[in-house]
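Input: a single structure, listed below in structure tokens.
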Amino acid sequence: SRLIRQPTTDIADLDRVDATSAGRLLAASGTSDIADAHVVICARRADQPVVTSDPGDLRQLDPALRLLAL
């Protein structure tokens, strides 16, 4: 909740384009977590690292993704 309220936190809607990209990413990786896939899509687009407590699932989707594990 605190992170979401920060002025530097971006909130991205899951629109049709991102949903399609996420579906393709999930199909390619053999996984099924739409939230994780959307995070990866958004991080790639913004060229930003992802802060996560679960790096394993994100690594399955994109092994090259920059992660900051908590």
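The values are calculated or read from the model by the stated rules, or taken from the named source; none is laboratory data. Not measured: the values here are computed from a predicted model. Positions of Cβ are backbone-derived with ideal geometry, glycine not excepted, and every protein chain shown enters the neighbour counts. When the accessible area is computed, the model is the full protein with side chains, heavy atoms only, and any ligands, DNA or RNA have been set aside. Shrake-Rupley method; radii C 1.70, N 1.55, O 1.52, S 1.80 Å.
Name the pairs whose Cβ atoms lie under 8 Å apart, with the first residue in the range 43-68 and closer than 19 Å to L3 by Cα and among the hydroxyl-bearing types (S, T, Y), the second open to solvent by less than 50 Å² (accessible area, probe 1.4 Å) and in a helix (DSSP H, G or I), and 6 or more positions between them or separate chains?
T52/L58
Which condition breaks for A69 when tested against (1) open to solvent by 100 Å² or more (accessible area, probe 1.4 Å); (2) aliphatic (A, V, I, L, M); (3) in contact with a Pro (Cβ under 7 Å, 6 or more places away or on another chain)?
Only one criterion in (1) open to solvent by 100 Å² or more (accessible area, probe 1.4 Å); (2) aliphatic (A, V, I, L, M); (3) in contact with a Pro (Cβ under 7 Å, 6 or more places away or on another chain) is unmet by A69, namely (1).
Of all residues in the range 7-49, which are open to solvent by less than 40 Å² (accessible area, probe 1.4 Å) and among the acidic types (D, E)?
D18, D36, listed by residue number.
Surrounded by 15 or more Cβ atoms within 10 Å (Cβ to Cβ) and either at positive phi or in a strand (DSSP E or B) (or both) - does that describe any residue in the range 51-65?
Among the residues of the range 51-65, at least one is surrounded by 15 or more Cβ atoms within 10 Å (Cβ to Cβ) and either at positive phi or in a strand (DSSP E or B) (or both), which makes the answer yes.
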